[in-house]
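These notes concern the structure reproduced below.
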Amino acid sequence: MSIVDLKRKANLIRQDIITMLVPAKAGHPGGSLSAADIVATLYFKEMRINPQEPNWADRDRFVLSKGHAAPVLYAALAEKGYFPKDELLGLRQTGRMLQGHPDMKRTPGVDMSSGSLGQGLSVANGMALAGKLDKKDYRVYVLLGDGEVAEGQVWEAAMAAAHYKLDNLTAILDYNGLQIDGPTDSVMSSAPLADKWRAFCWNVIEVDGHDIEALEKAFAEAKQVKGKPTILIAKTVKGKGVSFMENQVGWHGSAPNAEQAEQALKELREEGLSLG
Amino acid sequence: MTKIAPRQAYGEELVRLGQENPDIVVLDADVAKASMTYLFKEKFPERFFDLGISESDIVGTGAGFAVAGKIPFINAYANFLLGNGWEQIHISVAYANQNVKIVGHNIGASSGKDGPTHLPFEDIALMRVLPGIMIVEPADAIEMRKAVRAAAQHQGPIYLRVGRLPVPLVTCEEDPFELGKARILREGQDVTIIATGAMVAKGLEAAEELASLGISAEVINLHTIKPLDEETLLRSVQKTGAVVTAEEHTILGGMGSAVAELLVEEFPVPLQRVGVKDRFAVCAPYDELHNILGLTAKAITQSVQRVIRKNRQ
Ligand SMILES: Cc1ncc(C[n+]2csc(CCOP(=O)(O)OP(=O)(O)O)c2C)c(N)n1
Ligand SMILES: [Mg+2]
């Protein structure tokens with residue numbers, strides 16, 4: 001898929017995120033929007049997957065460790081054809097498929113249940129180790145938050161991934177600078193992130209998490225690196241694409257009302273049109 | 001009926017305590033808005049510590065504060081705090097017997113629409129198995145204020161369960177409150193309803209309904225789940241001969257289990273536990289989720305009818 005087509009996908013994913021959060025009346029727009037370009041690049045370019053066969057044994061895997069960003073994953077899965085787009089409007093509704101946080105038992109295409117922060121990298125390690133054991137060439141991707149990495153388990157897993165030379169694993173850190181209680185630098189500074197991961201013997205690529213061309217290049221480099229796991233430290237803007245949500249800590253975990261959504265969608269549609 | 005969120009009372013009382021006692025320190029794990037400890041932070045920034053999203057670390061740090069003579073209140077969502085932090089609570093708090101106030105937020109169905117990853121229905125069970133930790137779940141906001149105050153005065157580890165959403169006021173300012181002492185809210189002859197937290201209001205509602213059916217129910221507010229007030233419970237059950245427990249928690253290992261363990265050894269009578277029946281929840285708003293999981297006045301009423309029927313057989 002061409003760069004501009006990927007940009008269109010990312011734009012559609014952003015629109016879907018806003019649209020599904022309105023009837024849900026709750027959920028996390030900020031960290032979903034910040035990850036939209038990353039997730040679009042993964043699902044529409046990078047990953048070897050088949051929506052007709054969600055449990056295909058040779059597929060690439062994706063673990064959404066920052067599970068509260070479920071809307072971005074759901075939007076990508078729906079755009080990709082894992083389930084009808086109508087389902088998005090059932091987000092968080094009683095009896096519907098799309099739970100507030102990803103549930104692999106209910107939703108085709110979700111490779112791992114998540115929502116309790118800190119657990120995803122360990123799970124990704126397990127998948128990557130199993131892939132090596134089975135001599136399969138699938139790759140494992142895992143998306144982490146920059147507030148999430150305060151969890152000790154992340155660093156236990158970081159050590160293990162390097163120790164076991166998991167070069168079939170690529171982590172992406174959504175470096176949007178915000179968590180719930182405020183800017184990450186004032187709540188619990190995780191900087192310098194690149195140096196930390198380098199010290200843990202990872203291949204580190206610092207990248208603009210909204211530059212799809214750069215993301216593509218980074219994922220390609222990660223595939224070439226042997227003997228080490230790779231992490232993309234992806235600099236992003238929380239709420240990216242919706243002017244009044246950008247860099248606003250208050251939009252971490254509250255849904256837009258109909259009026260706010262209309263404003264957001266207007267901006268996103270304009271951006272979509274500008275892509276031609 | 002007036003409804004107030006227990007967490008509101010918690011956050012406000014913590015500020016008052018902070019004013020009175022300079023040894024009180026408050027720790028949070030990136031949920032200061034939800035836990036309402038941001039009120040304390042605004043007043044006493046130098047005694048407030050956000051440790052970010054690290055629920056195991058916050059427990060250990062709290063233990064260290066306690067060893068150094070402070071009175072730490074450590075806050076996070078109950079499932080993450082007691083789940084991630086359990087081994088730290090086990091050793092650094094319980095085994096070391098340190099004066100840490102463990103405060104679990106968003107309990108039960110509070111965050112219904114976030115779904116099962118965010119719904120603590122197992123926390124009482126996780127704490128009950130640890131020697132020496134007191135477990136407290138107040139019935140309403142008035143009792144919450146008294147409980148926070150009592151927790152600060154109590155020497156030793158304590159687990160306080162705090163709900164997010166408004167619940168009806170079922171106690172009064174004048175009511176006495178003592179940790180470890182159950183309160184009889186309504187006297188009755190035919191059955192004892194033992195409830196905790198948000199289920200107390202539903203127990204009282206069930207008792208009303210039962211009265212109209214000619215059944216006289218005693219309702220006990222068991223705000224302290226450990227240690228159990230065995231004396232009050234046994235006296236009531238010896239009178240009524242039938243028991244229904246009600247909690248916003250799994251029926252495995254929680255308050256109902258504690259009561260059942262006591263009664264089966266001391267005074268076996270028909271007993272039913274209202275609570276979550278060994279299943280995961282689903283994504284649904286608070287009230288709807290209570291209906292789905294059977295955490296209702298109706299479930300209590302039906303359970304009462306069952307234990308009374310058993311007694312007649
Ligand atoms: C173990 C755990 N603790 C706390 C939470 C509550 N929580 C949900 S999102 C969040 C902040 C996440 O910040 P970050 O990782 O930076 O994510 P992003 O900014 O990408 O949304 C917190 C504390 C949780 N889901 N899991
Ligand atoms: Mg962040």
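The values are calculated or read from the model by the stated rules, or taken from the named source; none is laboratory data. Keep in mind that this is a model prediction, so the values were computed, not measured. Neighbour counts run over all protein chains shown; Cβ positions are idealised from the backbone, glycine included. Accessible surface is based on the protein model in full, side chains and every heavy atom, while ligands, DNA and RNA are left aside. Shrake-Rupley method; radii C 1.70, N 1.55, O 1.52, S 1.80 Å.
Results for (1) away from ligand 2 (no atom under 16 Å from the Cβ); (2) in contact with a Leu (Cβ under 8 Å, 6 or more places away or on another chain), shown as yes or no for each residue.
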{"residue": "B:Ser54", "(1), (2)": "no, no"}
{"residue": "B:Ala78", "(1), (2)": "yes, no"}
{"residue": "B:Ser111", "(1), (2)": "yes, yes"}
{"residue": "B:His118", "(1), (2)": "yes, no"}
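Restricting B:Pro168, B:Pro176 to those that are more than 14 Å from chain A (Cβ to nearest Cβ), out of contact with any Cys (no Cβ under 9 Å at 6 or more places or on another chain) and in contact (Cβ under 8 Å) with a residue 60 or more places away in the chain reduces the list to B:Pro168.
If the condition is being in contact with a Leu (Cβ under 8 Å, 6 or more places away or on another chain) and either part of a loop (DSSP other than H, G, I, E, B) or more than 9 Å from every other protein chain (Cβ to nearest Cβ) (or both), then region A:178-195 contributes A:Met188, A:Leu193.
Answer yes or no: is there a residue in region A:88-100 that is in contact (Cβ under 8 Å) with a residue 12 or more places away in the chain, closer than 24 Å to B:Gly85 by Cα and under 17 Å from the mean Cα position of the chain (by Cα). So far as region A:88-100 goes, yes, one or more of its residues are in contact (Cβ under 8 Å) with a residue 12 or more places away in the chain, closer than 24 Å to B:Gly85 by Cα and under 17 Å from the mean Cα position of the chain (by Cα). When you scan region B:1-57 for helices (runs of 4 or more DSSP H) that lie fully inside it, which ones turn up with 3 or more residues that are in contact with a helix residue (DSSP H, G or I) (Cβ under 7 Å, 6 or more places away or on another chain)? Qualifying helices (runs of 4 or more DSSP H): B:6-20, B:38-43.
Scanning region B:31-54 for residues that are among the acidic types (Asp, Glu) and within 8 Å of chain A (Cβ to nearest Cβ) returns a single hit, B:Asp50.
Pairs linking a residue in region A:48-77 that is in contact (Cβ under 8 Å) with a residue 12 or more places away in the chain to a residue that is open to solvent by 30 Å² or more (accessible area, probe 1.4 Å) and within 16 Å of ligand 2 (Cβ to nearest atom), with Cβ atoms under 9 Å and 6 or more positions apart or on different chains, are A:Ser65/A:Leu117; A:Lys66/A:Leu117; A:Gly67/A:Leu117; A:His68/A:Leu117; A:His68/A:Gly253.
Restricted to helices (runs of 4 or more DSSP H) entirely inside region A:27-80, those with at least 3 residues that are within 14 Å of ligand 2 (Cβ to nearest atom) and buried (at least 24 other Cβ atoms within 10 Å of the Cβ) are A:29-34.
Out of B:Ala201, B:Ala206, B:Ala139, one residue alone is open to solvent by less than 30 Å² (accessible area, probe 1.4 Å) and outside the structural domain of B:Pro270 (by the TED database). It is B:Ala139.
Within 14 Å of chain A (Cβ to nearest Cβ), crowded, with 24+ Cβ neighbours inside 10 Å, in contact with a strand residue (DSSP E or B) (Cβ under 7 Å, 6 or more places away or on another chain) and within 27 Å of B:Gln19 (Cβ to Cβ) - does that describe any residue in region B:104-116? Taking every residue of region B:104-116 in turn, at least one turns out to be within 14 Å of chain A (Cβ to nearest Cβ), crowded, with 24+ Cβ neighbours inside 10 Å, in contact with a strand residue (DSSP E or B) (Cβ under 7 Å, 6 or more places away or on another chain) and within 27 Å of B:Gln19 (Cβ to Cβ). Assess whether A:Asp103 counts as being part of a loop (DSSP other than H, G, I, E, B), touching a helix residue (DSSP H, G or I) at 6+ places or on another chain (Cβ under 8 Å) and without any contact (Cβ under 8 Å) to a residue 24 or more places away in the chain. Judged against the criteria, A:Asp103 is a match. Residues that are within 19 Å of B:Asp140 (Cβ to Cβ) and outside any helix (DSSP H, G or I) within region B:229-256 comprise B:Asp229, B:Thr245, B:Ala246, B:Glu247, B:Glu248, B:His249, listed in sequence order. Taking the listed residues A:Ile13, A:Ile3, the one that is buried (at least 17 other Cβ atoms within 10 Å of the Cβ) and either away from chain B (no Cβ under 14 Å) or within 16 Å of ligand 2 (Cβ to nearest atom) (or both) is A:Ile13, with no other qualifying. Among the residues of region A:135-177, those identified as open to solvent by 20 Å² or more (accessible area, probe 1.4 Å) and not in a helix (DSSP H, G or I) are A:Lys135, A:Lys136, A:Asp137, A:Arg139, A:Tyr164, A:Lys165, A:Asp167, A:Tyr175, A:Gly177. Counting only residues that are more than 16 Å from ligand 1 (Cβ to nearest atom) and either surrounded by fewer than 22 Cβ atoms within 10 Å (Cβ to Cβ) or not small (Gly, Ala, Ser) (or both), region A:97-134 holds 18 of them. Entry remark, region A:34-66: residues being closer than 13 Å to A:Lys240 by Cα and touching a helix residue (DSSP H, G or I) at 6+ places or on another chain (Cβ under 6 Å) number 3 in total.
Yes or no, residue by residue, for (1) within 12 Å of chain B (Cβ to nearest Cβ); (2) within 14 Å of ligand 1 (Cβ to nearest atom); (3) of a type in the set (A, V, I, L, M):
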{"position": "A:Met47", "(1), (2), (3)": "no, no, yes"}
{"position": "A:Val72", "(1), (2), (3)": "no, yes, yes"}
{"position": "A:Arg92", "(1), (2), (3)": "yes, no, no"}
{"position": "A:Arg139", "(1), (2), (3)": "no, no, no"}
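Just wondering, is there one or more residues in region B:292-300 that are within 21 Å of B:Lys239 (Cα to Cα) and more than 14 Å from chain A (Cβ to nearest Cβ)? Among the residues of region B:292-300, at least one is within 21 Å of B:Lys239 (Cα to Cα) and more than 14 Å from chain A (Cβ to nearest Cβ), which makes the answer yes. B:Asp28 passes every criterion in (1) crowded, with 20+ Cβ neighbours inside 10 Å; (2) more than 10 Å from every other protein chain (Cβ to nearest Cβ) apart from (2). When region B:49-71 is limited to residues that are without any contact (Cβ under 8 Å) to a residue 40 or more places away in the chain and open to solvent by less than 20 Å² (accessible area, probe 1.4 Å), the one that is farthest from ligand 1 (Cβ to nearest atom) turns out to be B:Ala66. There is no residue in region A:114-126 that is away from ligand 2 (no atom under 16 Å from the Cβ), within 28 Å of A:Gln153 (Cβ to Cβ), outside any helix (DSSP H, G or I) and touching a strand residue (DSSP E or B) at 6+ places or on another chain (Cβ under 6 Å).
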